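Here is the structure we will look at.
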Amino acid sequence: LLQKIDKYFPNNNNNNNTPSLFQPLNPTTHKPTCSSTDVTNMIHAFSKAVPSSSSSSETRMSPRAGWLFRSEEGYRLDALPRERFEMFLDDAERYLSLYRDGPFFCGCSFSAADIVWAPLLERYAFQLPLFYSGLEPRGGSSEKNNSSNNSNRWPLLKDWYNA
């Protein structure tokens, strides 16, 4: 769908029209910030990073709370382990570190990768602090038991939320 939108609204570089979602340009230099292959790889990485409900039965299916709760009988109202959410946020941080000239997945340019990662990152920013005290993706922290050694675990993710 995003590729069709990108094709329907092309960036023809006249009058700074709609930027490409798959080959974003630096707003100052008008040169590509990352390749379409890189954007596509970050989109595919999202699919691998989210806790799966289809292949591993790690999470239970839910239209309102997918990728949050365990699938095992007797634990269906329990959230996934804290470490599973931290792994997902670590993956987001790693991909955000690939292009350091701005807060987005392609640095200074918003791309299709941001569109794909945004819904779950926004959901987790609200829901994870309710499950686990100190797990604050929007604030960049993963404090356990009020210790401050992880207080800035995801600084790039924090910048992404603030952008």
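The values are calculated or read from the model by the stated rules, or taken from the named source; none is laboratory data. In this text, all values refer to a predicted model and were calculated from it rather than measured experimentally. So basically every Cβ, Gly included, is an ideal-geometry build from the backbone, and we count neighbours across all protein chains shown. Please note that ligands, DNA and RNA were not included when accessible areas were found on the heavy atoms of the full protein model with its side chains. Shrake-Rupley method; radii C 1.70, N 1.55, O 1.52, S 1.80 Å.
Tabulated data for the structure shown
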item	result
Test for Arg84: is it under 17 Å from the mean Cα position of the chain (by Cα), at pLDDT 60 or above and among the basic types (Lys, Arg)	yes
In the stretch 20-37, residue least open to solvent (accessible area, probe 1.4 Å) [restricted to those that are of a type outside the set (S, T, N, Q) and in contact with a helix residue (DSSP H, G or I) (Cβ under 8 Å, 6 or more places away or on another chain)]	Pro24
Filter result (open to solvent by 40 Å² or more (accessible area, probe 1.4 Å), over 16 Å from Pro155 (Cα atoms) and among the aromatic types (Phe, Trp, Tyr)) within the stretch 97-118	Phe110
Failed condition for Tyr99, given (1) at pLDDT 90 or above; (2) among the aromatic types (Phe, Trp, Tyr); (3) out of contact with any strand residue (DSSP E or B) (no Cβ under 7 Å at 6 or more places or on another chain)	(3)
Given (1) at pLDDT 90 or above; (2) surrounded by 18 or more Cβ atoms within 10 Å (Cβ to Cβ), index of the condition Arg94 fails	(2)
